[in-house]
Structure formats: C-alpha cells, structure tokens
Amino acid sequence: MIINGIGVSRGITQGWIHVLKRGDTTIAKRTLEPEEIESEVERLNEALEEARKQLREVRDMVPENMRQEVTSFLDAHLLMLDDAMLVDTPTEIIRNQHYNAEWALQDTMEQLVAVFESMEDAYLRTRKNDVQHVIRKVQENLTLTDSGGGGVQERDLTGRIVVADDLTPADTVLIQHQNVAAFVTQFGSSMSHTAILARSLQIPAVVGLHDAGMLLEDGELVLVDGHGGTILCAEDANWLVDQYREHQRVEQEREEKLMALRDKPTITRDKESVTLKCNIDLIEEIPRVHEVQAEGVGLYRTEFFYLDRPEGASADEQYEVYRDLVLALDGKPLTIRTLDLGADKEFDPDYEGAIAPNPALGLRAIRRSLQNKPVFLAQLRAILRASAHGPVHVMLPMLTNNSELMQSLALIRDCMKELEDEGVPYDPELKIGGMIEVPAAAISAGVFARHLDFLSIGTNDLIQYTLAIDRVDDQVHYLFDPLHPAVLFLIHHTIRAGREAGKPVGMCGEMASNPRLTRLLVGLGLREFSMHPGSLLEIKQIINHASSKELQKQCQEILACTQPERIRDMVEALAKT
Ligand code: PEP
Ligand code: MG
C-alpha cells in the first residue's frame with residue numbers, strides 16, 4: 001500500500017509505526033463539594049508545575065547547535081504557563097463556580113482563544129494554537145496524575161515512526177531526543193511550526209496525511225519518504241522497498257558525481273558566465289549553500305522565520321537572525337525578501353484574508369506590508385542593520401505598480417535616514433531589487449528596472465497570475481504551464497528590459513531549478529538562477545555543456561511558435577541537445 005501526504009522534511013527511513021496516543025480528550029465537567037475545593041486548586045497547581053517541569057526538561061534536550069532556533073518555541077510556552085491569566089482564571093473558576101480543574105482550564109482556554117481570535121494583529125491571532133497546546137498539556141497532566149503517570153515520558157523511539165494527529169513544537173523536540181526515525185501527522189502543512197522544526201532537527205516527516213491514524217497501525221513496518229511525502233507499507237511489498245532503495249542508491253551515486261563540479265565556474269562553452277544562487281528558508285540550510293559552492297542566496301523567504309516568532313519578531317530579533325545569516329554566508333550576498341504573507345503563505349486559518357473571495361489576488365506580500373507600516377519598517381530596519389556585516393540585498397515581493405515601488409523606496413530611505421541620525425551602521429550601497437511575479441510588472445519591467453538595482457522573476461506566481469491558475473489548487477494543476485507562450489513572452493520581455501536598463505535579472509521561481517528548462521532559460525538570456533541547493537550542481541552541469549549563442553537562436557523559434565504541443569516538443573528537443 002502506498003499512501004501520500006505532504007513531504008516536509010527530507011530523508012528516507014524504514015521503521016515500525018508507533019501511534020502516539022493522547023490521553024482522553026473529552027473533558028468532564030464536575031461540580032465540586034465545598035470540602036473538595038482547596039484540594040482541587042492544589043491539584044491544578046501541581047499539574048501546572050508538572051507542565052513547567054516537563055517543558056524545562058524538554059528545553060534541556062535541545063541540541064546545543066540549534067538552541068536559539070528551537071528554544072524560542074518552548075520559552076513562549078513556558079511564559080504562558082506563568083501568565084496570571086492562565087493561572088488565576090482557572091483557580092477562580094474552581095473557587096467561585098466550584099468546577100473541577102480540567103473544566104476550569106477548558107473554560108479558561110475558550111476565553112483566551114476568544115481573546116486571541118479578536119485581535120487585530122494577524123500574527124498575534126495565530127498564538128491561540130499555542131494557548132491550546134499549553135492548556136491541553138496541563139489537562140493531560142491532570143488525567144495522567146490520576147492514573148499514576150506524569151513527568152516527561154521516558155520512551156525509546158529508536159527505529160520508530162511516530163504517527164500522531166498533530167505534534168506540538170515540544171513534542172517534536174521530545175521525540176527527536178527519543179531517537180524517533182520519522183514522523184507522520186494527520187494535520188499540518190509544510191509551513192506549520194512542526195514542519196519547520198522537523199527540517200531544523202532533520203527528522204524525516206510527512207504531514208497532512210488524512211486518516212493517518214486509521215491507515216497506519218501500531219507495530220506495522222513502513223518506509224517513509226520525507227521528501228516525496230510517501231509512506232510505503234513495507235511488510236507485504238519488500239520488492240517495492242528494494243526498488244525504492246535501488247532508486248535512492250542511483251540518485252546518491254549521481255549526486256556524488258555532481259559534487260565534483262562544485263569548485264568549477266559556471267560558464268557556457270562560449271564563455272558566458274552564469275551566476276547560481278540558492279533559495280533558503282532557514283539558517284540551517286546555509287551549510288548546503290557552502291557545500292554546493294553557490295554564489296550566495298538569491299531568495300531568503302523571511303515569512304518562515306517570522307511565523308515562528310510568538311511575539312511577531314521584533315526589529316532587534318530579526319536583525320540578529322539576518323546578521324547571523326550574513327555572517328554565516330561569509331562574504332556571499334544574502335538576498336532578503338521582505339514579508340510575503342498571504343494567500344498560500346497564510347498559516348493561520350482564521351486570518352480573514354484566507355476566506356477572502358480570492359486570497360491570491362488579495363492583501364498579500366508588498367500590499368500587506370504597505371498596509372502595515374510598523375511591521376514593514378521594523379523589517380526594513382533589521383535588514384539595513386544586518387547590511388553592516390556583509391553584502392545584503394533587499395527584495396520586494398509581488399510589486400504590481402509604480403506607486404508600490406515608490407512607497408517602498410521612500411520607506412527604505414526613511415529607515416536609512418533614521419539609522420544615520422542614530423549613528424547606527426548600515427550599508428548605504430545596499431542593493432534594492434524587486435520580484436517580477438505579476439504580469440503587469442513583467443510588462444512594465446523596464447520601469448521597475450530603471451528604479452531598482454536588480455529584478456528577480458518569481459515564476460511560481462508569474463505563472464499563477466498569467467494563466468489564472470491557483471498554484472495550490474490540485475484541480476487546475478494540469479493547466480499550470482511554464483511553457484505557455486504568454487509565460488515565455490513575459491520572461492523574455494523581463495530579461496530584455498533588465499538588459500536594456502543595465503540591471504541584472506535573475507529567476508528564483510521553481511522554473512530555475514528544473515533541469516529540463518535550463519537550456520531554454522539560457523537561450524532566453526537568463527544569467528542568474530536561484531534554487532534549492534539540491535538542484536544547483538545539476539543545473540551547473542547543463543550550463544557548462546551549453547552554447548548560449550546556439551541556444552539563443554533556437555529559442556527565437558520557440559518564442560515565435562504559438563502551438564503549445566510544438567513548443568513542448570521543441571523545448572524537449574532543446575533539453576536533449
Ligand atoms: C515565486 O513566486 O516564484 C517565488 C519565488 O516566490 P514564492 O514561491 O515564495 O511565492
Ligand atoms: Mg511568489
């Protein structure tokens with residue numbers, strides 16, 4: 001049996017299923033006798049203290065090298081456990097309404113969730129999940145203490161694949177400490193805290209596997225592919241596992257061969273230099289950037305970092321992370337894209353934008369930043385301060401019109417002036433670029449190129465908006481066509497506009513990492529590619545075997561063609577030459 005979920009953390013591993021059972025989740029409501037009241041308060045306090053102790057124990061288990069990244073999740077939960085609201089409210093409910101501790105906590109949780117839900121700030125609203133996690137832990141302790149449990153569970157999960165409805169950040173750290181081989185959850189997306197932590201902690205993981213608990217049984221032997229999001233039930237299909245492993249072996253061999261190319265320059269046969277950079281979401285990915293000897297980071301998606309911060313990431317905190325990235329890159333440029341929240345990057349299902357009629361056409365990316373200036377300015381300030389430590393480029397997502405560009409440039413200038421007045425160092429030469437992701441921006445690329453230092457084509461969105469295909473909707477996925485003549489026209493037009501204005505144009509959408517399209521893109525004039533580190537050396541190999549002049553000629557024919565089938569055939573033929 002093969003089951004598919006969302007692969008969120010790379011790695012292939014075989015192991016036995018361990019279904020993580022939660023305590024009874026139904027919370028009983030019981031009225032206390034007057035003489036029971038004080039002992040119930042005592043019971044609550046013990047469960048709270050137990051939860052604090054558990055979290056502190058888990059925090060001590062975090063490996064030294066990822067302490068700051070991971071412990072911030074746990075510290076936020078610890079702070080909540082000391083919050084008067086969380087301690088006093090249930091105590092008052094026990095004393096005044098005479099309800100049992102579990103119910104008092106349930107009532108408190110509902111009150112707190114309502115408070116969080118009514119908050120203006122979208123990021124603060126997302127914190128309600130943390131409140132739920134923390135209170136459920138205390139409720140679990142109350143149940144476990146009754147049945148003689150409690151404390152951080154001592155388990156050995158070596159060789160085990162944990163299957164759970166969902167995992168909290170603390171659970172994730174805990175199971176890593178218990179040597180879990182991989183985990184599979186029913187809920188969650190690739191941008192959930194848990195998925196981000198799985199990548200940081202290097203645990204292969206698949207999330208969003210509906211009915212995981214029903215499909216996978218305790219003790220069953222399975223193979224988990226954390227990249228592809230596949231679970232193979234292995235016991236009755238050993239041949240399939242063997243085939244899978246063989247495929248892996250061939251892949252590994254190929255990768256080892258490609259590694260020989262790392263210190264070679266990226267240059268076509270006719271001596272056209274091409275720049276290859278990486279896209280990253282986390283600081284943990286920097287060693288891979290060095291490993292493949294990329295020329296820098298062409299896209300650092302800051303929303304991943306931002307979503308992890310319980311208090312919405314202060315300017316100081318962002319500065320520290322950006323500075324650490326700059327230093328870790330050791331002189332290679334870091335392109336920091338300002339927040340691109342909204343649409344598919346909305347991780348809070350309660351955010352109003354998510355239920356807007358057309359979220360992808362709504363308040364996302366630069367539009368949202370310009371509507372929420374304090375958040376935007378805090379980020380710009382942090383980016384500018386980080387530029388004092390090494391080469392930093394700032395990149396604006398989803399620009400559509402000149403007014404957004406002008407407003408953004410004015411805010412960057414304001415920020416620079418503020419830092420100057422305060423005597424805070426920054427790089428006045430810092431490069432400012434914009435993403436070309438909207439057809440209107442591609443058509444007017446010349447205007448953007450004139451005012452910016454560089455452009456970067458975000459093909460994931462450019463295709464979505466050009467073809468009116470929701471990039472996350474499976475039903476129309478077959479129409480998501482990078483080779484549509486309109487898409488090729490816009491890419492070519494943008495590259496040409498950049499060239500005419502004397503400004504570099506890169507590409508950081510997924511098209512840049514597709515080896516079947518590399519020769520086409522070189523032929524269209526692209527000279528800077530940014531992609532996941534795993535694809536970089538293969539792309540380099542293709543470029544080093546190509547002649548840009550020949551490709552340019554062949555691409556003229558492709559650009560002139562209007563028949564999709566013919567374009568497909570020509571691109572395929574080009575890839576094979
Ligand atoms: C893109 O749209 O191509 C892009 C790189 O940005 P993201 O995928 O983060 O929207
Ligand atoms: Mg985009």
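The values are calculated or read from the model by the stated rules, or taken from the named source; none is laboratory data. Source: prediction; values computed, not measured. Heads up, the Cβs are rebuilt from the backbone with ideal geometry, glycines too, and the neighbour counts pull from every protein chain shown.
Name the single residue that is farthest from ligand 1 (Cβ to nearest atom) among those in segment 437-477 being over 18 Å from G342 (Cβ atoms) and of a type in the set (D, E, K, R).
The selected residue is R450.
Inspect all residues belonging to segment 392-400 and state whether any of them is without any contact (Cβ under 8 Å) to a residue 60 or more places away in the chain and assigned to a helix (DSSP H, G or I).
So in segment 392-400, the residues without any contact (Cβ under 8 Å) to a residue 60 or more places away in the chain come out as 394, 396, 399-400.
Pick out the ones that are also assigned to a helix (DSSP H, G or I) and you get none.
No - not one qualifying residue is present in segment 392-400.
Evaluate segment 420-431: report whether one residue or more is within 16 Å of ligand 2 (Cβ to nearest atom) and surrounded by 16 or more Cβ atoms within 10 Å (Cβ to Cβ).
If we filter segment 420-431 for residues that are within 16 Å of ligand 2 (Cβ to nearest atom), which is where we start, we get none.
Within segment 420-431 (the criterion being within 16 Å of ligand 2 (Cβ to nearest atom) and surrounded by 16 or more Cβ atoms within 10 Å (Cβ to Cβ)), the answer is no, since none of the residues qualifies.
Can you pull out every residue in segment 330-342 that is more than 16 Å from ligand 2 (Cβ to nearest atom) and either crowded, with 24+ Cβ neighbours inside 10 Å or at pLDDT below 95 (or both)? Walk me through how you get there before you give the answer.
Let us first name the residues in segment 330-342 that are more than 16 Å from ligand 2 (Cβ to nearest atom), namely 330-334.
Across segment 330-342, the qualifying residue is only L334.
If you take the residues of segment 514-532 that are within 25 Å of S9 (Cβ to Cβ) and either crowded, with 22+ Cβ neighbours inside 10 Å or among the hydrophobic types (A, V, I, L, M, F, W, C) (or both), which of them is farthest from the chain's Cα centre (by Cα)? Give the steps one after another, and end with the answer.
If we filter segment 514-532 for residues that are within 25 Å of S9 (Cβ to Cβ), which is where we start, we get 514-515, 529-532.
Filter once more, keeping what is either crowded, with 22+ Cβ neighbours inside 10 Å or among the hydrophobic types (A, V, I, L, M, F, W, C) (or both): 529-531.
On the way: F529: 20, S530: 16, M531: 14 Å.
Step by step, filter segment 514-532, then rank; the result is F529.
Which residue out of R262, R254, R269, R288 is under 28 Å from the mean Cα position of the chain (by Cα), farther than 25 Å from I366 by Cβ, at pLDDT 90 or above and away from ligand 1 (no atom under 16 Å from the Cβ)? Full working, then the answer.
Values: R254 fails: at pLDDT 90 or above; R269 fails: under 28 Å from the mean Cα position of the chain (by Cα); R288 fails: at pLDDT 90 or above.
It is R262.
I need every pair where a residue in segment 530-555 that is under 20 Å from K332 (Cβ atoms) has its Cβ under 6 Å from the Cβ of a residue that is part of a helix (DSSP H, G or I) and not aliphatic (A, V, I, L, M), sequence separation at least 6 or different chains.
If the second residue must be part of a helix (DSSP H, G or I) and not aliphatic (A, V, I, L, M), the pairs left are M531/S513; H532/S513; P533/R288; S535/S513; I539/T518.
Here are the criteria: (1) aliphatic (A, V, I, L, M); (2) more than 16 Å from ligand 2 (Cβ to nearest atom); (3) within 26 Å of V438 (Cα to Cα). Tell me which single one A386 does not satisfy.
(3)
If the requirement is being part of a helix (DSSP H, G or I), free of Cβ contacts under 8 Å to residues at least 60 places away in the same chain and of a type in the set (G, A, S), which of these qualifies: A386, A410, A382?
On the way: A386 fails: free of Cβ contacts under 8 Å to residues at least 60 places away in the same chain; A382 fails: free of Cβ contacts under 8 Å to residues at least 60 places away in the same chain.
On inspection, the qualifying residue turns out to be A410.
So which of L521, L467 is among the hydrophobic types (A, V, I, L, M, F, W, C) and over 28 Å from I286 (Cβ atoms)? First the steps, then the outcome.
Numbers: L521 fails: over 28 Å from I286 (Cβ atoms).
None of the others qualify; the one that does is L467.
On the basis of being at pLDDT 95 or above, buried (at least 18 other Cβ atoms within 10 Å of the Cβ) and either out of contact with any Lys or Arg (no Cβ under 6 Å at 6 or more places or on another chain) or within 30 Å of A386 (Cα to Cα) (or both), does S403 make the cut? If you could, list the steps in order and put the result at the bottom.
Details: at pLDDT 95 or above: yes; buried (at least 18 other Cβ atoms within 10 Å of the Cβ): no; either out of contact with any Lys or Arg (no Cβ under 6 Å at 6 or more places or on another chain) or within 30 Å of A386 (Cα to Cα) (or both): yes.
Answer is no for this residue.
Out of (1) crowded, with 21+ Cβ neighbours inside 10 Å; (2) within 16 Å of ligand 1 (Cβ to nearest atom); (3) farther than 20 Å from S444 by Cα, what's the single condition that is false for L380?
Status for L380: all satisfied but (2).
Taking only pairs six or more apart or across chains, which ones have beta-carbon atoms under 8 Å, a first residue in segment 25-54 that is outside any helix (DSSP H, G or I), and a second residue that is of a type in the set (F, W, Y)?
I27/W103; A28/W103; K29/Y99; K29/W103; R30/Y99; R30/W103; T31/Y99; L32/Y99
Inside segment 162-183, can you point out the residues that are within 13 Å of V207 (Cα to Cα) and in a strand (DSSP E or B)?
Residues satisfying the conditions are V162, V163, A164, A182, F183.
Here are the criteria: (1) in a loop (DSSP other than H, G, I, E, B); (2) within 16 Å of ligand 2 (Cβ to nearest atom); (3) among the small types (G, A, S). Tell me which single one G506 does not satisfy.
Unmet for G506, out of (1) in a loop (DSSP other than H, G, I, E, B); (2) within 16 Å of ligand 2 (Cβ to nearest atom); (3) among the small types (G, A, S): (1).
State which residue pairs qualify: first residue assigned to a loop (DSSP other than H, G, I, E, B) and inside segment 457-471, second residue near ligand 1 (Cβ under 7 Å from one of its atoms) and among the polar types (S, T, N, Q) in any location, beta carbons under 8 Å apart, and separation of 6 or more residues or different chains.
R471/N460
From the list T172, T145, T185, pick out the single residue that is at pLDDT 70 or above, of a type in the set (S, T, N, Q) and either over 18 Å from L78 (Cα atoms) or surrounded by fewer than 19 Cβ atoms within 10 Å (Cβ to Cβ) (or both).
Working: T172 fails: either over 18 Å from L78 (Cα atoms) or surrounded by fewer than 19 Cβ atoms within 10 Å (Cβ to Cβ) (or both); T145 fails: at pLDDT 70 or above.
Step by step, each of T172, T145, T185 is checked, and only T185 is at pLDDT 70 or above, of a type in the set (S, T, N, Q) and either over 18 Å from L78 (Cα atoms) or surrounded by fewer than 19 Cβ atoms within 10 Å (Cβ to Cβ) (or both).
Pairs, please: C-beta under 7 Å, at least 6 apart or cross-chain, first residue in contact (Cβ under 8 Å) with a residue 12 or more places away in the chain and more than 15 Å from Y300 (Cβ to Cβ) and in segment 426-438, second among the small types (G, A, S) and away from ligand 1 (no atom under 16 Å from the Cβ)?
So the pair list comes out as Y426/S387; Y426/A388; D427/S387; D427/A388.
Before we move on, is M511 among the hydrophobic types (A, V, I, L, M, F, W, C), modelled with pLDDT under 95 and touching a Lys or Arg at 6+ places or on another chain (Cβ under 9 Å)? Working first, answer last.
Working: among the hydrophobic types (A, V, I, L, M, F, W, C): yes; modelled with pLDDT under 95: yes; touching a Lys or Arg at 6+ places or on another chain (Cβ under 9 Å): no.
Taking the combined requirement at face value, the residue does not satisfy it.
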